[in-house]
Amino acid sequence: MALIVFSGFALLDAAVRREDAYRAADKKTKPFWLIILGIAFVVNLLFPILSFLPIIGLIATIVYMVDVRPAIRALPGGGRSQRGSSSDGPYGPWNGGR
């Protein structure tokens, strides 16, 4: 049960991070990690812990949690999607010439 929760948390965390944050941190791509963590989650659901596949999934989840996630969180904004104001332009907020 703990492995399912752990891999599920990692999968959800990977899903909320921005695509460009993965490239900026030089940690493969978002689709790559979503596929790997998604497979790890499904394997943890289907197979008992003493088989070989959940151990591989656990290793992939640990790599994400101790290497990729901290690198992405260290970026400005934490790598999360942030919605700007409707007055935000490509170079920041528009202040109306004030």
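The table for this structure:
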read-out: Extension gain from residue 42 to residue 71, taking 0.36 nm per residue of separation minus the Cα-Cα distance; value: 7.9 nm
read-out: Residues of region 1-74: accessible area per residue with a 1.4 Å probe, Å²; value: 59 Å²
read-out: Over 18 Å [Cα-Cα, region 1-74], rounded percent; value: 32 percent
read-out: For region 56-61, Karplus couplings with θ = phi - 60° (6.51, -1.76, 1.60), whole Hz, Gly/Pro x; value: 5, x, 5, 4, 4, 5
read-out: Which of 17, 23 is most accessible, then next, and so on - probe 1.4 Å; value: 23, 17
read-out: Two-site label geometry, residue 52 and residue 2: point separation in nm, points 7 Å out along Cα→Cβ; value: 2.5 nm
read-out: Gain in span if fully extended, residue 19 to residue 34, counting 0.36 nm per residue against the direct Cα distance; value: 4.3 nm
read-out: For region 13-22, 3J(HN,Hα) per residue [Karplus equation, 6.51 cos²θ - 1.76 cosθ + 1.60, θ = phi - 60°, Hz, x = Gly/Pro]; value: 5, 5, 6, 8, 7, 6, 4, 5, 5, 5
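The values are calculated or read from the model by the stated rules, or taken from the named source; none is laboratory data. Note that the structure is a prediction, hence the values are computed from the model and not measured. For neighbour counting, all protein chains shown are included, and Cβ atoms are generated from backbone atoms with ideal geometry for every residue, glycine included. The accessibility values were calculated without ligands, DNA or RNA, using every heavy atom of the protein model including side chains. Shrake-Rupley method; radii C 1.70, N 1.55, O 1.52, S 1.80 Å.
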